[in-house]
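K.L.:
Here it is, the structure in full.
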Amino acid sequence: MTDSLLIVDFGSQVTQLIARRVREAGVYCEIHPFQAAEAAFKKLQPKAVILSGGPASVTAEGSPRAPHIIFDSGLPILAICYGQQTTAVQLGGVVEGGHAAEFGRADILIKDRSALFDGVWEIGQTYPVWMSHGDRVTQLPPGFTVKATSENAPFAVASDEERRIYTTMFHPEVVHTPDGAKLISNFVHRIAGLKSDWTMAAYRRDMIAKIRAQVGRGRVICGLSGGVDSAVAAVLIHEAIGDQLTCVFVDHGLMRLNEAEQVVGLFRDTYNIPLVHVDASKQFLEALAGVSDPEQKRKIIGRHFVEVFEVEAKKIGGAEFLAQGTLYPDVIESVSFTGGPSVTIKSHHNVGGLPERMNMKLVEPLRELFKDEVRALGRELGLPDAFVGRHPFPGPGLAIRIPGEVSSEKLDILRKADAIYLDEIRKAGLYDTIWQAFAVLLPVRTVGVMGDGRTYDHVLALRAVTSVDGMTADFFPFDMAFLGRAATRIINEVRGVNRVVYDVTSKPPGTIEWE
């Protein structure tokens, strides 16, 4: 049986990063909100627990608490920021507000030896960490001793080594704490003794067994979007149940240049998976006519996708299950765990539920995975790197990369410009270095001079970001020579664009996905 770890979420915007660090250490984990933590604890039967940070004040009436069953279990516990504070209060310590806060970079001084620091930090040395707190612990619970301090956190690290409860005022999960991943690895391996048995080979084996048990002899239809997630889900399900699976690819006319042909070719020619290809582009464009609001576009596309899919499902007949490429971030980001700042930050067609009239059960084999884990699973399944390594592409497609009203003319301009941009990135050998790159057709026209004539055409924005899992991202630092080549080609080869700009923007934790 695979070892597991429970993460109790108190609403931190970076709780998912805790899960990423734990899984990077080869350990399976799940995030559950504090309200449901006791039930999750009993069901998951973890071998260790991590308590996340959160926006609330422990001193406020009715503020979140961890279930006492966790403290009574004797399991190793790592409590981070708010987790440290509620642990202190619940075990007999004191937390106070009104002291100097710490937000951002801080240095901690190691005062005493701890199993958490083994092979990482030495007594008497200082190390950079990332703080984000207003309140602070002013009196430790019985049995706890201070292990590290900072200027405004007298108990930056405190632990009860005998009970294996470790608390940090800083956030080890973020990249701004350079040694944070090593500390988390120490906790899960050296302290909790969990095995590194979370591999894609094991996941593939276990999930195939689960799919077969869930589906039995039933029939499954899978909605292909053209992205990596639904493609990996389809190949995994096909490996489990063979021709009991039929894929339906709804071409909404909002895809990149030649992308529909690539998807159809992959499934029909390479995998020989039964596939229904529906060209519904006219229907989607008519539904989007006159619509400018991006969230409304999303909902229209999602609704029509379900409607087209439902029609095709009836034609297939007898399908009891619907397969989707839902990922773990889709689930986490589409619900409010605490009612605090980590409330719903995006809508997502995959987690909105199905119309009751469809009367179908969901098969979601990627629901527990992050994006980079899906790519690893795709390679484990033998999907070609050219497909698995593709940049993320949102379900609404080019519709949300055309701010304002969508039209056939704008789509044609954007497809051609986007293809040139990606071609230049590939020629420069940068495609695999960049996590996501795309063009946006801005709702702006400018006057320009081309040759001997004046033009009044569109402005095109280029975006490119680096990331690992999409939770945080930073702009890619192209040199001016590259940007000059890409812009020149776009302006020369794409009628309707006379100006190109590069978007230099970063994505901090907890913000909406890049679109």
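The values are calculated or read from the model by the stated rules, or taken from the named source; none is laboratory data. As the structure is a computational prediction, the values presented were derived from the model and not from experiment. So basically every Cβ, Gly included, is an ideal-geometry build from the backbone, and we count neighbours across all protein chains shown. With ligands, DNA and RNA removed, areas are computed over all heavy atoms of the protein, side chains included. Shrake-Rupley method; radii C 1.70, N 1.55, O 1.52, S 1.80 Å.
K.L.:
Select from the stretch 162-193 the residues that are among the basic types (Lys, Arg) and in a loop (DSSP other than H, G, I, E, B) and list them in ascending order.
P.N.:
Residues of the stretch 162-193 that are among the basic types (Lys, Arg), as a first pass: 163-164, 182, 190.
Within the stretch 162-193, Arg163, Arg164 meet the criteria.
K.L.:
Let me ask something additional. Given the structure, is Phe155 modelled with pLDDT of 95 or more and either of a type in the set (A, V, I, L, M) or not in a loop (DSSP other than H, G, I, E, B) (or both)? I'd like the intermediate steps shown before the answer.
P.N.:
Values: modelled with pLDDT of 95 or more: no; either of a type in the set (A, V, I, L, M) or not in a loop (DSSP other than H, G, I, E, B) (or both): yes.
Considered against the rule, which asks whether it is modelled with pLDDT of 95 or more and either of a type in the set (A, V, I, L, M) or not in a loop (DSSP other than H, G, I, E, B) (or both), Phe155 comes out as no.
K.L.:
Another question about this same structure. Pick from the stretch 215-237 the residues that are assigned to a loop (DSSP other than H, G, I, E, B) and open to solvent by less than 10 Å² (accessible area, probe 1.4 Å): which of them is farthest from Arg375 (Cα to Cα)? Break it down into steps so the answer makes sense when it comes.
P.N.:
Pass one, the stretch 215-237, residues assigned to a loop (DSSP other than H, G, I, E, B): 216-218, 225-227.
Of the ones still in play, those that are also open to solvent by less than 10 Å² (accessible area, probe 1.4 Å) are 218, 226.
Numbers: Gly218: 28, Gly226: 14 Å.
By that ranking, first place goes to Gly218.
K.L.:
If I ask for residues that are part of a loop (DSSP other than H, G, I, E, B) and open to solvent by 30 Å² or more (accessible area, probe 1.4 Å), which ones from the stretch 406-430 would you list? Break it down into steps so the answer makes sense when it comes.
P.N.:
At the first step, the residues of the stretch 406-430 found to be part of a loop (DSSP other than H, G, I, E, B) are 406-407, 428-430.
The answer is Ser407, Ala428, Gly429, Leu430.
K.L.:
Identify, from the list Lys297, Lys282, Lys315, the residue that is among the charged types (D, E, K, R), open to solvent by less than 10 Å² (accessible area, probe 1.4 Å) and part of a helix (DSSP H, G or I). Outline the logic, then answer.
P.N.:
On the way: Lys282 fails: open to solvent by less than 10 Å² (accessible area, probe 1.4 Å); Lys315 fails: open to solvent by less than 10 Å² (accessible area, probe 1.4 Å).
The conditions single out Lys297.
K.L.:
Looking at the stretch 192-210 only, could you name the residues that are touching a strand residue (DSSP E or B) at 6+ places or on another chain (Cβ under 7 Å) and surrounded by fewer than 24 Cβ atoms within 10 Å (Cβ to Cβ)? Walk me through it before giving the result.
P.N.:
Applying the first criterion (touching a strand residue (DSSP E or B) at 6+ places or on another chain (Cβ under 7 Å)) to the stretch 192-210 yields 192, 194, 198.
Passing the criteria: Ala192, Trp198.
K.L.:
Which pairs have Cβ atoms under 7 Å, sit 6 or more apart or on different chains, and link a residue in the stretch 494-515 that is farther than 21 Å from Thr466 by Cα to one that is at pLDDT 85 or above and among the polar types (S, T, N, Q)?
P.N.:
Pairs that qualify, where the first residue is farther than 21 Å from Thr466 by Cα and the partner is at pLDDT 85 or above and among the polar types (S, T, N, Q), are Asn498/Thr446; Arg499/Thr446.
K.L.:
Among the residues of the stretch 431-443, what is the count of those that are under 12 Å from Arg463 (Cβ atoms), outside any strand (DSSP E or B) and open to solvent by 20 Å² or more (accessible area, probe 1.4 Å)?
P.N.:
1
K.L.:
Let me ask something else about it. From Glu61, Glu30, which residue is in a strand (DSSP E or B) and open to solvent by 10 Å² or more (accessible area, probe 1.4 Å)? Lay out the reasoning, then the answer.
P.N.:
Details: Glu61 fails: in a strand (DSSP E or B).
Step by step, each of Glu61, Glu30 is checked, and only Glu30 is in a strand (DSSP E or B) and open to solvent by 10 Å² or more (accessible area, probe 1.4 Å).
K.L.:
Take the residues in the stretch 444-463 that are in a strand (DSSP E or B) and of a type in the set (Gly, Ala, Ser); name whichever of them is nearest to Val504 (Cα to Cα). Break it down into steps so the answer makes sense when it comes.
P.N.:
Kept after step one, since they are in a strand (DSSP E or B), are these residues of the stretch 444-463: 444-450, 453-463.
The next check asks that each one be of a type in the set (Gly, Ala, Ser); those that pass are 448, 453, 461.
Working: Gly448: 23, Gly453: 31, Ala461: 10 Å.
Step by step, filter the stretch 444-463, then rank; the result is Ala461.
K.L.:
Would you mention how many residues in the stretch 140-152 are assigned to a strand (DSSP E or B) and either β-branched (Val, Ile, Thr) or within 20 Å of Ala56 (Cβ to Cβ) (or both)? It would help to see each step written out before you state the result.
P.N.:
From the stretch 140-152, those assigned to a strand (DSSP E or B) are 145-150; that's our starting set.
When the remaining residues are screened for being either β-branched (Val, Ile, Thr) or within 20 Å of Ala56 (Cβ to Cβ) (or both), the result is 145-146, 149.
Within the stretch 140-152, residues that are assigned to a strand (DSSP E or B) and either β-branched (Val, Ile, Thr) or within 20 Å of Ala56 (Cβ to Cβ) (or both) number 3.
K.L.:
Additional query: Is one or more of the residues making up the stretch 65-80 outside any strand (DSSP E or B), open to solvent by less than 30 Å² (accessible area, probe 1.4 Å) and modelled with pLDDT under 95?
P.N.:
The first filter runs over the stretch 65-80 and keeps only residues outside any strand (DSSP E or B), leaving 65-76.
Subsequent filtering for residues that are open to solvent by less than 30 Å² (accessible area, probe 1.4 Å) retains 66-67, 70-71, 76.
Cutting the leftovers down to modelled with pLDDT under 95 gives us none.
Looking through the stretch 65-80, none of the residues is outside any strand (DSSP E or B), open to solvent by less than 30 Å² (accessible area, probe 1.4 Å) and modelled with pLDDT under 95.
K.L.:
What is the residue count in the stretch 98-150 for residues that are at positive phi and more than 30 Å from the chain's Cα centre (by Cα)? Quick ask: steps written out before the conclusion?
P.N.:
Pass one, the stretch 98-150, residues at positive phi: 98, 104, 119, 124, 143.
Next cut, more than 30 Å from the chain's Cα centre (by Cα) only: 98, 119, 124, 143.
Number of matching residues: 4.
K.L.:
Could you please find all residues in the stretch 318-335 being modelled with pLDDT of 85 or more, open to solvent by 20 Å² or more (accessible area, probe 1.4 Å) and not in a strand (DSSP E or B)?
P.N.:
Gln324
K.L.:
Check Met471 against each of (1) at pLDDT below 95; (2) in contact with a strand residue (DSSP E or B) (Cβ under 6 Å, 6 or more places away or on another chain) and name the one condition it does not meet.
P.N.:
Among (1) at pLDDT below 95; (2) in contact with a strand residue (DSSP E or B) (Cβ under 6 Å, 6 or more places away or on another chain), Met471 violates only (2).
K.L.:
Here is a follow-up. Condition first: out of contact with any helix residue (DSSP H, G or I) (no Cβ under 9 Å at 6 or more places or on another chain) and either under 19 Å from Gln84 (Cβ atoms) or not in a loop (DSSP other than H, G, I, E, B) (or both). Now tell me which residues in the stretch 1-16 satisfy that. Talk me through it step by step, then tell me what you get.
P.N.:
Keep residues of the stretch 1-16 that are out of contact with any helix residue (DSSP H, G or I) (no Cβ under 9 Å at 6 or more places or on another chain), which gives 1, 13-14.
Within the stretch 1-16, Gln13, Val14 meet the criteria.
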